[in-house]
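Below you'll find the structure, written out as structure tokens, and then a few comments.
All of the numbers you see were taken from the coordinates with simple rules; none came from a lab. This one's a predicted model, so the numbers in the text were calculated from it and none came from an experiment. Every residue, glycine as well, gets a Cβ built from its backbone with ideal geometry; the counts of neighbours run over all protein chains shown.
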Amino acid sequence: MTFRLSALLCCALAAAVTTQAHATERLNWGWFNAAPYMIAEGPDKGNGIFDQIRGLLKDEMPGYEHKDVQAPFPRIFQEIRNGNPWCFVGGVKNPEREALAYFSAPVAVFLPFKVVVRRDRLAEFSGAAGPGGSISLAELMARDGVRTSYLRGRSFSPQINALLEQHPNRQYHSEFNEALQMLLARRLDYLLELPIISTYSARQLGRDGELAALTIREHADPTVNRVMCPRTEWGKQVVAKVNAVLHAQRNTARYRAIVERWSDEESLRIIRAIYPTQILKSE
């Protein structure tokens, strides 16, 4: 009886230890609707660029209990800031964020942000555009009565971020489609957005062709995006494992097809030209 009781206690203790160890390996993948990078609904659900990269990482990292958690980006960033076991595919690295998070090697690339407006108002904005259809964001932001909104917690580029710091009284939104619908309803005058996002989202709303985009004079370079995890020992280990997967996968046909999906011909040309240097060789 004593032996049997001891055996049962040992089994229970082992199960408890295993459960505890398993729990510490939980990895929450934060995501939100930002189609076509992350697609929350419709026939393309789960087939966004970051959705597929997240799925590949989950397949190649079996040592974790992976859980996808749909939440606004401000919450995802707060969980990472607080050191909780959360990661996010698509983070843009900057000095402020590096103090709070570890970043992987590049996973994909954002082509430059543009000023997105209603097509029927394009003449109002293109009149200030220079050669090649570029517009000065600094001049646009200085105009009285011109309304816009920014995704809360988003990092654009060093040039755009510096301009934003000069305008502290800004309007924010937490969901991409929230601001897009405000633009289409004429409650906003322009957005700083990635054309691939605004074009896809407008199409899903049945408003295809109603938007136009102008190149921003102060921001013409692509921006790489990465996996972002908390700046803890746990986050450091996860990023190391993510990097091992990326180094093995990023030059495969499967991975490159993920990065190129949803891009138009011009965007494909640019992505393919910069992929060897900004994705494969950039760390």
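Plainly put, the range 114-216 has a radius of gyration that is 0.93 times its Kirkwood radius, both from alpha-carbon atoms, as the Rg/Rh ratio.
Expressed in whole Å with the largest first, what are the equivalent ellipsoid semi-axes of the chain derived from the C-alpha gyration tensor as the square root of 5 times each eigenvalue?
Working: eigenvalues 334, 79, 63 Å².
Ellipsoid semi-axes (Å, largest first): 41, 20, 18.
For the chain, the relative contact order is 28 percent, taking Cα pairs closer than 8 Å that sit 6 or more residues apart in sequence and dividing their mean separation by the residue count. Between SER282 and residues 5 or more places away or on another chain, which pairs have amide H atoms under 5 Å apart, with H built 1.01 Å from N, and which residues are they? Excluding prolines and chain starts, which carry no amide H, there are no hits.
Cβ under 11 Å from ARG207's Cβ, ARG207 left aside: what net charge do those residues give with Lys, Arg +1 and Asp, Glu -1? In short, +1.
Mean separation of Cα pairs under 8 Å and 6 or more residues apart, divided by the residue count, gives the range 182-283 a relative contact order of 17 percent. A helix-only calculation puts the chain at -12500 deg cm²/dmol for mean residue ellipticity at 222 nm, using -39500 (n - 2.57) for each DSSP H run of at least four residues, averaged over all residues.
Close amide H partners of ASP189, meaning residues 5 or more places away or on another chain with modelled amide H under 5 Å apart, are ARG147, THR148. Here the range 226-243 and the range 55-74 have alpha carbon centers that stand 13 Å from each other.
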